[in-house]
Each structure stands twice: as structure tokens, then as C-alpha cells.
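The structure appears right after this line, and notes come after that.
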Amino acid sequence: MQSSLSISVSPHTSLTVQRSNRNALEPLAFAPPSKPLNLRFCGLTREALGFSSLRRNSDSFRFRLSSSARVRRADKFFVSASLSDNGSPPKTFDYDLLIVGAGVGGHGAALHAVEKGLKTAIVEGDVVGGTCVNRGCVPSKALLAVSGRMRELQNDHHLRALGLQVSAAGYDRQGVADHANNLASKIRNNLTNSMKALGVDILTGFGTILGPQKVKVGSDKVVTAKDIIIATGSVPFVPKGIEVDGKTVITSDHALKLESVPDWIAIVGSGYIGLEFSDVYTALGSEVTFIEALDQLMPGFDPEIGKLAQRVLINPRKIDYHTGVFATKITPAKDGKPVTIELIDAKTKEPKDTLEVDAALIATGRAPFTHGLGLENINVATQRGFVPVDERMRVMDSNGNLVPHLYCIGDANGKMMLAHAASAQGISVVEQVTGRDHVLNHLSIPAACFTHPEISMVGLTEPQAREKAEKEGFEISIAKTSFKANTKALAENEGEGLAKLIYRPDNGEILGVHIFGLHAADLIHEASNAIALGTRIQDIKLAVHAHPTLSEVLDELFKSAKVKAHVSGPVSEPIAV
């Protein structure tokens, strides 16, 4: 099918069409296309480009616009070079790239920018490392490492099966807390030193956008940059009616300090955060009560994996739960009275129950940290606190226009609230500002829950895949393998686990992979890389895995898939939703 492409450019915007080769960009006259150009749009959305195909000469080409383009779903490019009314851009710049926020996302972007030869600065109003290093991934994994060891030492049956005898296990609460804090400090120092060693300027102070390509750092310092990335992350979300005192009613930020191990703690929310803390608290001797607003525990996980995980991670442990209820009011313990939690039915809103516990952990997710950024100065309105972006992480203003030279990555844009997703988005942005177009495939980004055993996933869940298949008119198939058939898992006496593959039998596309079992978080990356590269099942099933290793769980999983197609090579277009 042949389609036309016309370009309308405002009087003050220049347009160059260039041919890319390995070493340079050469001017290329725009000529009538002769071959179909297959653009791989593999992000979560495709709203930035509104055409189905282009044609090209034998060499690849790309468009470079002197200022950001506003693109509509039509057969034309509409280029807007207009800038915000709140000031004009500077003619010279202090930096090529300025990053507001020094978390994992900002750090990843800064390191990649330096590698690309950009003069780079990073702004941090709190501490380097952001949520992940200081109040999230890093200290929580330290606590989970402790809970994992405790579970092993407390599992007499498991140890006896290995021929081991261990006396009663115990722990020092302060020692455990110090382990988490020391790890966070070490990683934070590593991040700081790595940036300083590479020449990244670390500017201390809260960053506020004053106008196009201008940021105020702290109370009076103004810095200019050719391109700016917002990477301010998120904070714990606390619903209305819940009073947090930091002692008996806490968020994950407080829980990671492990100032106490309550006898009975209620955890509001049974997602990743709630599950991981239930693993920690029960290993250290607490009883846990989950409070979940949805009708089932572990929302967001593949339902089949969730059921198996509940049987292993919740039912045998000192955990009970209430589902389909909201905690409308939580009052901290005081004057000798316990923490009180008032529950209502999630559907009818009728009073359901009142709980009295020693402590409550609010694990209801996270909210973007975007207030006070000065977004109003560039006519940007947040959506539920999130900064609106397109699939290339370019910020959009209140009128739907792209804001020139401004990007937002990580939790602040809400596309995928994971530290490694933020880093990947930051690297993608740096690729773009240095001349190489790049769209991140969010469906190839894995996620993991570090319970014992672990849960990991990439791509679509089975319900999501079935919905997509029905909408687009194709069939899906399911393959499964058990850890009980894996030699390494049996040698470890850890045969509880399942790997699940969701795929298209007609062409071998991998739609999703879900794993519950020993080291699931490490195993998922073979699947995520396959999705990212568009590898077909019929090709990956020919890969060789070392024996005996846990990786053979996935080897058997791919080999068990039945694909009708006999064609090899990458999938023509990665999955996008």
C-alpha cells in the first residue's frame, strides 16, 4: 500500500532530511520513496506518529527537526516551533543536558550522556540515589536477604532433607536495620562517585523550571541547558482518612528502617510492596493481616501465578486477609490503645469491620513527586500528578503540543513505575538528543517481586493477552513447565515453582512470560530480551543452556511451545498496546 507524506513547516523552523551512515550524517535530498519503510513502534503508545508506512531509498533516513514537532494522526507532519510564553530560550547554554533528580533514572541518563560526549549536570534536592537506593529497592532487598536466611534456618524439614542440623535461629533487630542502612549508604556513595569521576556536575538544591531550557536550583542559582530531563520519582501514596505517625502507622519509607518488629501488623495493599514486607515481617516473627480493596489478593499478577503464589507465600504463613474492603480510617496507637482500622465494603461502602492491631503498613502504591516543579511556567498540566509524555518521553503541554527540549522519565511520568524502567527511559532520551531515534518497548521490561520464592514477569498476563487476541483476531497458546522437573531446583530441594509462556502459535511471538520459583527474578531476562529483540520461539528454542541449571526451566518452556510457522528471523513488529 502506497501512502503520501507531506511536511508543513512554520516560517521560523528549518527542516533537514539526512541519511545516516556509520560515521556521519550526510544531507540527503528528499526523493520519491521506492521501498517500504518498516518503522518499529514498540512503546506503550503510538500517538506520536499517525501514519501506517513510509517508503525509502536503499539507505535508511530520518527526519531531524530544529525544534520539537507536533504530530497528528493524519497523512501529514505538522511542525510547531512555538515556545512557551513564559520566557524565551537562551542563546548559549551552561550544559548540553540537565537532569532534575538523581535517582536511578537520572543516574542512568547522566552516565549515558557523558558516554555520548554531552556536558551534563544533575540536580538533587534530597540525596543521590532517590527512592530506589535510599527508601526502596536497595534497603528492601537487604531486609529480604535477611528474611530468606531466616526462613532457611527455621525450616527444619528442609534442612533435615539436606542432612543438616541447625540450632534455633535468632536475629538482632538493630543489626538487621544497620545492614539495610549500610547497603543504601554504600550504593549511594557508589552512584555519587561514579558520576563525579565521569565529570557530571552534581548541583544541590530543589530544581524548578523557570521557562524554556531554564532551571532554578535552590533559591537563586539559574542554570540553562540545551535539553532537560525531569526525573523526580515518587513518594508513598497515603489514601485519605489514614493518619501516619511514622511509628505505629507507617509507609514503606518508615518500614525500611525496621525500628520495631510488631507482633501483629496489618498491611494495606497486597501488591509488590505489601507482599515483600509480609515476607520480611513473618520471617521475623510477626503475624500479618492483608487488607485488599479488590476481590482477590495480588492484583496485577497473572491470575494463575497469583493463585500458586498465594498457596505458597500466604496460606502456610501467619497471614490472614480481608479482600473487597477499604480501610477508610486508620488511627495510630496512643495512650495504651492499639492501632484501629475501620473497614467498609468496597462495593456497597457499608461498614464491614474494625480491626485492632499493633501496627499498620500502608502499601497502597506510590504517587509522582512533581509538585513545585514549575510546570505551570511552560504551560504543562499534570494528570493525577503525572507529567504527560509521548512514547519518546517528550513532555506535552496543556494543548497537546510537545514542549521543545523537555523530557520526563521514571515514576514522574507513570508509564511504568520501576527503577530499571526509569533508567531505560533515560538512556532512550539521551539516544534521541544525540541524534538516534529510539522508542522503548515497555512490554519488554521485566518486573520482579523478591519474596521467597520469587515472582517475575514480562509482557502480558493471560487475561490481557486473550483480550488483545480477541480484539486483533488471532489465537494464543499457553505452555508451562514446573520447577519439580528441574535438576538444579531438586538439588536445592526447592522444587516449588512454575514457568508460564503465553504466545502466538501462528508466528511464534512471545506475548508474556511469568515465573514463580527459585531465582525467578534472575531467570526472566532471557524472555525479556527475546521480546525486546523480537525473537521468535522457533529460534530461541534452539538456544543451548548449561546443565544442570535453573535456566533449563525456560529452555524446556520454549521447547514445549507448539508453533505452526516454520519461518525464522525476528518478529516483524514488536508487541505494543
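The values are calculated or read from the model by the stated rules, or taken from the named source; none is laboratory data. The shown structure was predicted, so the numbers you read here are calculated from the model rather than taken from an experiment. No Cβ is skipped: glycine too gets one built from the backbone with ideal geometry, and neighbour counts run over all protein chains shown. Note: areas computed on protein heavy atoms with side chains; ligands, DNA, RNA excluded. Shrake-Rupley method; radii C 1.70, N 1.55, O 1.52, S 1.80 Å.
Just to verify a result, which residue in region 113-150, among those that are among the basic types (Lys, Arg) and part of a helix (DSSP H, G or I), is surrounded by the fewest Cβ atoms within 10 Å (Cβ to Cβ)?
Among them, the one singled out is ARG149.
Among the candidates ASP320, ASP295, which residue alone is among the acidic types (Asp, Glu), assigned by the TED database to the domain that holds SER278 and part of a loop (DSSP other than H, G, I, E, B)?
On inspection, the qualifying residue turns out to be ASP295.
From the set of residues in region 419-432 that are out of contact with any Lys or Arg (no Cβ under 9 Å at 6 or more places or on another chain) and surrounded by 22 or more Cβ atoms within 10 Å (Cβ to Cβ), which is farthest from GLU526 (Cα to Cα)?
Here the answer is GLY426.
For the list (1) over 27 Å from the mean Cα position of the chain (by Cα); (2) open to solvent by 30 Å² or more (accessible area, probe 1.4 Å), I need the number of the one condition that ALA359 fails.
ALA359 satisfies every listed condition except (2).
Can we say VAL312 is in contact (Cβ under 8 Å) with a residue 40 or more places away in the chain, aliphatic (A, V, I, L, M), in a loop (DSSP other than H, G, I, E, B) and open to solvent by less than 60 Å² (accessible area, probe 1.4 Å)?
When the stated conditions are applied, VAL312 does not pass them.
Mind listing whichever residues of region 151-165 are open to solvent by less than 80 Å² (accessible area, probe 1.4 Å) and among the basic types (Lys, Arg)?
Matches in region 151-165: ARG151 only.
Among GLY374, GLY336, GLY435, which is within 13 Å of ILE230 (Cα to Cα) and either in contact with a Gly (Cβ under 9 Å, 6 or more places away or on another chain) or surrounded by fewer than 17 Cβ atoms within 10 Å (Cβ to Cβ) (or both)?
Step by step, each of GLY374, GLY336, GLY435 is checked, and only GLY374 is within 13 Å of ILE230 (Cα to Cα) and either in contact with a Gly (Cβ under 9 Å, 6 or more places away or on another chain) or surrounded by fewer than 17 Cβ atoms within 10 Å (Cβ to Cβ) (or both).
For ASN189, are the conditions met, namely being surrounded by fewer than 20 Cβ atoms within 10 Å (Cβ to Cβ) and free of Cβ contacts under 8 Å to residues at least 40 places away in the same chain?
Yes.
Hand me the list of strands (runs of 3 or more DSSP E) wholly inside region 411-482 holding 2 or more residues that are touching a Phe, Trp or Tyr at 6+ places or on another chain (Cβ under 6 Å) and not hydroxyl-bearing (Ser, Thr, Tyr).
none
Give me the residue from region 393-418 that is charged (D, E, K, R) and closer than 15 Å to LEU375 by Cβ and, out of that set, surrounded by the most Cβ atoms within 10 Å (Cβ to Cβ).
The selected residue is ARG394.
Considering region 439-482 alone, what residues qualify as being within 17 Å of GLN310 (Cα to Cα) and of a type in the set (A, V, I, L, M, F, W, C)?
Once the filter is applied, which keeps residues that are within 17 Å of GLN310 (Cα to Cα) and of a type in the set (A, V, I, L, M, F, W, C), region 439-482 yields ALA448, CYS449, PHE450, ILE455, MET457.
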